Amino acid sequence: MDWRATHRNLGSSSPNDTTFPRSASISDMAIETPSESPVLYEVRDRVALITLNRPSALNALTPEMGVQYVTRLREADADPQVRVAVVTGAGRGFCAGADVGLLAQGPEALDAFSIGDDMSALPTLISTLSIPVVAAVNGPAAGVGFVLPLAADVRFAAPTATFASMFSRLGLIAEYGCAWLLPRIVGPARASELLLSGRSVSADEALAMGLVTSVTDDVVATAIDWANHVATHCSPKSLRAIKAQLLEGQSQTFAEASAQSLTGMRESFRWPDLLAALAARAEKRSPNFPPLD
């Protein structure tokens, strides 16, 4: 499914439009050379592109990579010029899980995946950020590489993407809180089947079960298009508030969430963002929302 084809007739600068203008693919973008860093980072316009960069190992994660990944996410969130972040993998894989060499070294070496503020934040950090984070899953996503997209706010997949928890097949538990995340995305029954079996899911099956939003040939370009659209048309303050609502709503009753939203509504009526949106609509242009406080 091609997102741009689905929305091909919706593309101008009008604030009512919902198209995503075609962006450069990852191969078109000026990023660091592969030897420089296992996690690449670039800001283009108002979108940060974070790339796991061990293509020869299908971007298998090391603790050092995990720390860099968390650092880059925090960097994007702290940058007032960045409105959305896109996460992907270099080469033909997204992330094939933990580095196999480390798996063979025993528990002391593996403890580094679960100790320290940065690695502890790996599954939860995105939910606390002000900016949306989009996963562009360009190939196999297994183990911890399966969890990283689950933690993202939005997920797109390439036709070659596959998803597999693998934990039960390695004699491990469901790691990084994925037993909490996955049922909230695909439902408890599907989550149970996937986590217990550890089997691989194709991109098309992932789409059918709601694990990803779309399957598209140029997944990075699609994710960047979506990110640019949100950066252009959506208020940073609204994005931060809605992300907080989505997270808090997981532990609230409907009555509690509704009451909280009524209070938030009265606050948002007084934000300058509403005036900026109304002015933009009247003048038929994109809004100039203020940056976050």
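Read the figures in this text as sums done on the coordinates, not as results from a lab. On a predicted model such as this, the values are computed, not experimentally measured, just so you know. We place every Cβ from the backbone using ideal geometry, glycine too, and count neighbours over all the protein chains shown.
What's the angle, to the nearest 10 degrees (0 to 90), between helix 254-268's Cα axis and the longest principal axis of the chain?
Long axis of 254-268 versus the principal axis of the chain: about 50 degrees.
How high is the relative contact order of the chain, given as a whole-number percent (alpha carbon pairs under 8 Å, six or more residues apart)?
19
Calculate, for L246 and I115, the FRET efficiency according to 1/(1 + (r/R0)^6) with r their C-beta to C-beta distance and R0 35 Å; round to the nearest 0.05. Could you put the intermediate results ahead of the total?
Details: r = 29 Å, r/R0 = 0.83.
Using R0 = 35 Å, I get an efficiency of 0.75.
Can you give the calculated 222 nm mean residue ellipticity of the chain, where each DSSP H run of n ≥ 4 adds -39,500 (n - 2.57) and the sum is split over every residue, rounded to the nearest 500 deg cm²/dmol?
So the helix-based figure for the chain works out to -12000 deg cm²/dmol.
Any chance you could give the angle, 0 to 90 degrees and rounded to 10, that helix 219-233 forms with the longest Cα principal axis of the chain?
Value to nearest ten degrees: 30.
Note down the relative contact order for segment 41-169 as a percent, whole number, built from C-alpha pairs under 8 angstrom at least six residues apart.
Numbers: 265 pairs, mean separation 33.8, N = 129.
Over segment 41-169, the number comes to 26 percent.
Rg/Rh for the chain to two decimals, with Rh computed the Kirkwood way over all alpha-carbon pairs.
A ratio of 0.97.
Going by average Cβ density within 10 Å per residue, which order do the peptides 63-72, 136-145 take, highest to lowest?
136-145, 63-72
Give me the number: length gained by fully extending A255 to L292, i.e. 0.36 nm times residue separation minus the C-alpha to C-alpha distance, one decimal in nm.
Full-extension gain reported as 10.4 nm.
Output the antiparallel fraction of DSSP beta bridges having both residues in segment 3-233, as a percent to the nearest 5.
30
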